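J.: Below: one structure in structure tokens.
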Amino acid sequence: MSTPRHLLARLRSLMARGAAPLSEIARLVASELVAEVCSIYAMRPGDTLELAATEGLRPESVGRTRLRVGEGIVGLVAATSHPMNLADAQGHPDFAYRPETGEEPYASMLAVPVRRAGRTLGVLAVQNRAPRLYETDEVEALETVAMLLVEPLAAAGASDGGEEGVGATLPRRFTGSVLVPGLVLGPIVLPGAHAPRRLLAEDPETELARLAHALESMRRGLDELITDRLPGSGKTSPEAREVLEAYRLVASDPGWLRRVGEAIRGGLSAEAAVHRVAGELRDRMRRIVDPYLRERMADLEDMAGRLLASLDGGSEPAAVPEGAILLARRLGPAELLDWHGRGIAGLVVEEASPAGHAAILARAIGIPAIGGARGIIEAAEAGDEAILDAEDAPRGGPAAQVILRPEQEVRLSYQRAMHARSERRAGWAALRGLPSVTRDGTRVRLMLNVGLALELAQLEATGAEGIGLFRTEIAMLARGAITEVQEQASVYGRVLDEAAGRPVVFRTLDLGGDKLLPGSPPPEEENPAMGWRSLRIGLDRPALLRRQLRALLVAAAGRPLSVMFPMVATVAEFCTARALLLVEAERVHPAPESLQIGTMLEVPALMWQLPELLREADFISVGTNDLLQFLFAADRGSPLLAGRYDVLSPAMLSLLADLTAQAQAAGVPLSVCGEAASRPLEAITLAGLGVATLSMPASGILPVKAALAAVDLPAFRELLTALRRTGAAEPSLREPIAAWAREHDVPV
Ligand code: PEP
Ligand code: MG
């Protein structure tokens, strides 16, 4: 067999003359690979492969011989997207005999798929009389030619199915947990998986030099990551360091680099070579069971992505297609913002829990997201169509799924659901400018939870009355650093500017737990959620907290300022934090027009300090996410516990009823700002218990407003009182409350 380099050089000169006829390509491949037959099959609408060109089979079969996807060797290659290498093709149980081709004399066969953006566009096959298995380098050469065949095949009218969904491999389903509710249908995007623009290169030496350069800069990047930006690098975080060190070793792995080098010497451009070897890795990864090896392969694949980005050398990141769903193993906040800028519509992060910061940030910017769905990255190809179904499960249970390459009927029913949803949305839109009142005329203030200044646009879009929770740590997580006073002040100032007089409640840094403090080592703790986090860090590092308080005061300058502290467990902690704020307030001029200092109620212990707390705090906001976690001792980030304990449980409802009664008696404003407030059933229940302000992600505002508008609170309150008496031993009162809502036409 001639070297692929010679083959590629001839192909290049053939293609340089313009759109090369497939028949010429088939002739050239047959002669270069010393095959008696070379055939090119093109995918046609209706899941059919049609013989488009051949060297060696009867010419009259071109345009006539057809195989359905899954039929015969060629059909099987198209269906599985894997090459088949057979010494005795006709002895294979799936062999489909087509007399018009005259292929009886040929025993051995090698067939590879031609793929474009995750879909099969055709199949390329060679055959020989002598029964033999083809060598690895022959398989690789044919796969390289298949890569080059994409354009000519498309030019010859091959269809990759597109709308009809043909040509793709089988549908697959992956389950995970809802990180951010929503429904998205669109093509899969994999970081670093875009097809290289330039496939062939004249001069391998130049390409090898480009590869070496890109490798060097990638390694430097990794070194920086290890020494500079890794929290606890050096002494305190040996595990994280080890991970990155292992990653660096993989980057120097001679095995895969040799293969890339060979592909370049064979005539490919550096990026095409990396792309090809990465593709082979993914194929191998699909078949690996051992978790250690899988992880290593995954690292290699990640590495290929980085290398491709580095070979792309600073070119503008391309926008993604409409509806794109990004699949990532892990995702840092800055990366997520990058992808947001490029227009992704949905997100699947294999290693993320609902309370992790990828989730919080995704929620903050409103991208539907799923955590878990393990295995999807190996199973998906860039461009595969997928449905991300993260419709809000009743109690945030692990009910989310991603359907990869959905069947036609499944896709249609989702499209109908999305259509109905957008119609429902259009109905809600009419509520936007109306005040939020229940049917009996009780006002319930609806506010937004946000974490980035760019989300302030949602005030207008939803008609929310203000910001009930501004999570200040989100901007820091996105920035990857705790910023200086001036920079913080300009962020908070912008928030107040854009709120244009509507109230804003700033929550001080709620870092720690899984929201790692940038630049500091994570403390070694058994239970980070109950560990050194949030206000506890602020009280132990008063300089850090005071910087933030100063920035808030500077930003307010003559305007009203509301500040609340998270994770307060004792009245004394609240008083210490407030004292720090008051000291700073003495120093900042101009002073805010007014200063309200409140607390979150997330730790149950505060319930037994209420009289004192209500004397000290200007307002209280209940964080049901953490409160539920601490009340039931149930990690909010654990997928195993998701949905096990309910906000609508008698215990939680009693707590909230006591709290509202005492806060009302003391004249202290009370709000709820956990995710529960954004779900209509929970929201009407909170209103029923007497909570006058609900703060929630933007997606909740209009549905909650619609539900409240349909509730007669006095009647509903009677039901709640009765249920709490009769159902005190039940784990949840959700069902009877929902039944009442249905009976009374409350849209929940
Ligand atoms: C909560 O705990 O309910 C809350 C609003 O805070 P976070 O979700 O940011 O912890
Ligand atoms: Mg909280």
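J.: Looking at the square roots a ≥ b ≥ c of the eigenvalues of the Cα gyration tensor of the range 52-108, which shape do they give, rounded for a/c under 1.5, prolate if a/b is larger than b/c, or oblate? Intermediate results must be reported in sequence, preceding the final value.
T.: Numbers: a/c = 1.80, a/b = 1.27, b/c = 1.43.
Cα axes put the range 52-108 in the oblate bin.
J.: Still on this structure, please answer the following. Choose one of Q415, L388, L595: the residue whose Cα lies farthest towards the positive end of the charge dipole of the chain (beta-carbon charges +1 Lys, Arg; -1 Asp, Glu; about the Cα centre).
T.: Highest projection toward the positive end goes to L595.
J.: Shape call for the range 405-510 from the C-alpha gyration tensor, a ≥ b ≥ c root eigenvalues: rounded (a/c under 1.5), prolate (a/b greater than b/c) or oblate? Walk me through the intermediate numbers first.
T.: Working: a/c = 3.08, a/b = 1.41, b/c = 2.18.
Oblate is the answer for the range 405-510, as a/c is 1.5 or above yet b/c matches or exceeds a/b.
J.: Once fully extended, how much extra length lies between Q408 and D497, figured as 0.36 nm per residue of separation less the alpha-carbon to alpha-carbon distance?
T.: On the way: separation 89, 0.36 × 89 = 32.04 nm, distance 4.82 nm.
Length gained, Q408 through D497: 27.2 nm.
J.: How far is the Cα center of the range 695-748 from the Cα center of the range 531-590, in Å?
T.: 36 Å
J.: Among 267-280, 487-500, 586-599, how do they line up by average Cβ neighbours within 10 Å per residue, starting with the highest?
T.: The densest-packed peptide leads the list: 267-280, 487-500, 586-599.
J.: Relative contact order of the chain, please, whole-number percent, based on alpha carbon pairs below 8 angstrom and at least 6 residues apart. Please report the intermediate quantities before stating the final value.
T.: Working: 1447 pairs, mean separation 78.4, N = 748.
It comes to 10 percent, rounded to a whole number.
J.: How large is the Rg to Rh ratio of the range 547-622 when both quantities use alpha carbon positions and Rh follows Kirkwood? If you can, show how the numbers build up before the last one.
T.: On the way: Rg = 12.7 Å, Rh = 12.7 Å.
Result for the range 547-622 is an Rg/Rh of 1.00.
J.: Sort Y645, Y134, Y41 by Cβ crowding within 10 Å, fewest neighbours at the top. The partial results should precede the final answer.
T.: Numbers: Y645 19, Y134 22, Y41 31.
By the 10 Å Cβ count, ascending: Y645, Y134, Y41.
J.: Taking the 0 to 90 degree range and rounding to the nearest ten, how far is the long axis of helix 254-265 tilted relative to the main principal axis of the chain, both from C-alpha atoms?
T.: So the helix axis and the longest Cα principal axis differ by about 50 degrees.
J.: Quote the charge dipole size of the chain about the Cα centre in Debye, to the nearest 20; the model charges only the Cβ of Lys and Arg (+1) and of Asp and Glu (-1). If you can, show how the numbers build up before the last one.
T.: On the way: 79 positive and 95 negative charges, 210 e Å.
Dipole size: approximately 1000 debye.
J.: Under a point-charge model restricted to the Cβ atoms of Lys and Arg (+1) and Asp and Glu (-1), what is the dipole moment magnitude of the range 4-155 relative to its Cα centre, in debye to the nearest 20? Intermediate values should be presented prior to the final figure.
T.: Numbers: 16 positive and 19 negative charges, 99 e Å.
Magnitude of the dipole: close to 480 debye.
J.: Once the Cβ-Cβ distance between A722 and M607 is put in as r, and R0 is 41 Å, what FRET efficiency do you end up with, to the nearest 0.05?
T.: Working: r = 24 Å, r/R0 = 0.58.
With R0 = 41 Å, the Cβ-Cβ based efficiency is 0.95.
J.: Here is a follow-up. Pop out the ³J(HN,Hα) list for the range 85-95 in order, Karplus 6.51 cos²θ - 1.76 cosθ + 1.60 with θ = phi - 60°, rounded to Hz; leave Gly and Pro as x.
T.: So the Karplus estimates, Gly and Pro as x, are 10, 10, 6, 10, 4, 5, x, 6, x, 8, 4 Hz.
J.: Among rounded, prolate and oblate, which fits the chain when a ≥ b ≥ c are the square roots of the eigenvalues of its C-alpha gyration tensor, a/c under 1.5 means rounded, and a/b larger than b/c means prolate? Present the calculation step by step, with values, prior to reporting the outcome.
T.: Working: a/c = 2.79, a/b = 1.93, b/c = 1.45.
Judged from the Cα gyration tensor, the chain comes out prolate (a/c at least 1.5, a/b above b/c).
J.: Next question. Can you compute 3J(HN,Hα) from phi for each residue in the range 610-615, using the Karplus curve 6.51 cos²θ - 1.76 cosθ + 1.60 with θ = phi - 60°, rounded to whole Hz and x for Gly and Pro?
T.: 4, x, 5, 4, 5, 6
FYI, it's all coordinate maths here, none of it is from the lab. Predicted model, so just to flag it, every value in this text is computed and none were measured. Positions of Cβ are generated from backbone atoms using ideal geometry, with glycine treated the same way; all protein chains shown enter the neighbour counts.
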